[in-house]
Amino acid sequence: MEDAAQEKQTHVTIQGAQQSISPDSVGEAIGNQQSSVPLLHRNKRWLLMALFSVLVLFGQSAATLLGRLYYEKGGNSKWLSAFIQGAGFPILLPFLYNTKDRKNNSSEQTKTPSPLVLGSIYMVLGTLLAAVGMLFSVGLLYLPVSTFSLISATQLGFNALFSFFLNSQKFTPLIVNSLVLLTTSSALLVLQNDDSSGSSKSSKGKYAIGFICTLLAAALFSSILSLSQLAINKILKRQTVKELLDFLIYQSLVASCILLVGLFASGEWRTLSAEMNKFELGKASYTMTLLWIAVCWQIFSIGMVGLILKVSSLFANVISTLGLPIVPILAVFIFKEKMSGVKAVAMLLAIWGFMSYIYQHYLDDLVSKSGKKDVDSKEISLIQN
């Protein structure tokens, strides 16, 4: 009788377990597991985006202000100013060395491009980067830093055009609105000459030269971002930390070599010793200013390439545009620049344009989330059936 009772109890237990493990419960468990993975992935993606955005904003703002400080306190070498924008790449070499062995652990079986293809990519991007550095240096020399920053916002419009043709970027009404506002913001600055600015003694001719150089630099910089995204997605096809560091180091190496040749060919290197002695803050401050400019531009570059890898070149440019209200406001206190009415309106339009694009990205993220939920629900229903 005890054996019969035990068999009966075992049968009841198994039957209860079978009832508890129903198709609905299996589908629910699988659905919870599947939904938790995308949630963790999205949270990690947003954290990385936030980190790279902070690097962009800090690096760009600090480097721009220090670059203007160099000119304000006695610096006058355009070639040196351009050279140090990319000369800080050696600080990334230890990180590159530590990530070399990680590529072998990757499960991706992507064919590595030939050295000739890689060399051509880095030569083209490095040459463009050298041109951007020189043009930005001239613009920063002849323009107040607030005006310089606002004109630089046109790179978002240029980048949208390049992304449309090179990266298949779709235009929506909000993105078009953002581009129109940012373009109008910079166009307003053509209507004024900043001779009234306390930090600028430039003539109208130099102001025009600075405006044109900054505008050209914004266009070239936008082309670099779009070409970088194209090269990463279509040629390299690997989005790893090593690829990010390779892009930064080899581009900067090519740009630094070109600008170093220009520094010696122009003869400006002969005046650097006297420039250091006459620097208003002293020799030590002269050296530290140049050093931190180089470091801050590398921080900015890491953030930009990281945003290109995780989102797009257009989004990376939008984040750099977010620094617009930071630099002009700080310039008022640091360099005693005047905030004219036209400049204030231009800054407000730029902020409006930035918020318009961010809202579009927020809507795109919501659509992406809803699409993933629909896919997960279909998979669960198939399992249940």
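Output ³J(HN,Hα) for region 289-295: one whole-Hz value per residue in order, computed from phi by the Karplus curve 6.51 cos²θ - 1.76 cosθ + 1.60 with θ = phi - 60°, and x for Gly and Pro.
Going residue by residue, I get 4, 5, 4, 6, 4, 4, 5 Hz, with x marking Gly and Pro.
Amide H of Glu337: which non-local residues (sequence gap of 5 or more, or other chain) have their own amide H closer than 5 Å, using H built in the peptide plane?
The list, which skips near neighbours in sequence, is Val332.
Gain in length, Ile334 to Asn98, computed as 0.36 nm per residue apart minus the alpha-carbon separation, to one decimal in nm?
Between Ile334 and Asn98, full extension yields an extra 81.0 nm.
Can you run phi through the Karplus equation (6.51, -1.76, 1.60; θ = phi - 60°) for region 301-307 and list ³J(HN,Hα) in whole Hz, with x for Gly and Pro?
Values, residue by residue: 5, 4, x, 5, 5, x, 5 Hz.
I need the phi-derived Karplus couplings for region 250-265: 6.51 cos²θ - 1.76 cosθ + 1.60, θ = phi - 60°, integer Hz, Gly and Pro marked x.
6, 4, 5, 4, 4, 4, 5, 5, 4, 6, 5, 4, x, 4, 7, 5
Using 7 Å Cα-to-Cβ label points, what is the Ala208/Val367 separation (nm, one decimal)?
Calculated label separation equals 4.5 nm.
A short reminder: the numbers here are calculations on the coordinates, not readings from a lab. These numbers come from a predicted model, not from an experiment. FYI the Cβ positions are ideal-geometry reconstructions off the backbone, even for glycines, and counts take in every protein chain you see.
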